[in-house]
Amino acid sequence: MPTRILLADDHLIVREGLKALLEGEGFAIVAEVGDGHEAVRVARERCPDVAVVDFGMPLLNGFDAAREILQACPRAKAILLTMHTEDHYVLEALRAGIKGYVVKTQAAADLVRAINEVQKGMVYLSPGISQTVVQAYLTKSDVPPDPLTPREREVLQLVAEGNSSKEVAKLLGITKKTAESHRTRIMEKLEIHETASLVRYAVRRGLIQP
């Protein structure tokens, strides 16, 4: 039985290219989606063997989408596609249970290998990812953790994308008051006092594209 793959990337041309590549290798694409919320919804319905998610997706970034997919489908494996090679991104991904970390510039060559490796229960990192970060993960030595909870990061991304508190509340199925309290807590934790600085922080963290 072929490995069942969920593909999540907000660029249609990238999705189509990856789909053609993976189907040519004998994998079955069970769904293609363009944002993080849809990736989580579809994963809950279909529980793929492997979820291939782009880091920089609208509504919910690939990192937090992968975390939610793994909670919903514990037997699934998650592979993150990303442009980021900095240590803290890789370390956070490993801590979240993501088993494959594929740099997008090498995706065509690496992705098939990554899927095969994670299906065997191994961790796959694109060549060029610092081995020191793997050692840091294995020895539990600390790279400073993200000060925000997954929910706060989700709210931050939506705010940085230009959504009002009312729109954030609707997208997340929470009250406007709850959305506003999340926003207040984010600003307190980050010691940021205006929306423009929140947007800059979200860009630096890779949650939205500049």
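The values are calculated or read from the model by the stated rules, or taken from the named source; none is laboratory data. Bear in mind the structure is a predicted one, so any value in this text is a computation, not a measurement. So basically every Cβ, Gly included, is an ideal-geometry build from the backbone, and we count neighbours across all protein chains shown.
Let's see how each residue does on (1) over 25 Å from residue 82 (Cβ atoms); (2) modelled with pLDDT of 90 or more; (3) more than 20 Å from the chain's Cα centre (by Cα):
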| site | (1), (2), (3) |
| --- | --- |
| 148 | no, no, no |
| 154 | no, yes, no |
| 168 | no, yes, no |
| 175 | yes, yes, yes |
### Matching entry among 188, 194, 161 (being modelled with pLDDT under 90, more than 23 Å from residue 87 (Cβ to Cβ) and not hydroxyl-bearing (Ser, Thr, Tyr))
194
### Query
What is the one condition in (1) assigned to a helix (DSSP H, G or I); (2) surrounded by fewer than 19 Cβ atoms within 10 Å (Cβ to Cβ); (3) not β-branched (Val, Ile, Thr) that residue 162 does not satisfy?
(1)
### Message
Which condition from (1) over 23 Å from residue 164 (Cβ atoms); (2) among the acidic types (Asp, Glu); (3) surrounded by fewer than 24 Cβ atoms within 10 Å (Cβ to Cβ) is the one that residue 38 breaks?
### Response
(1)
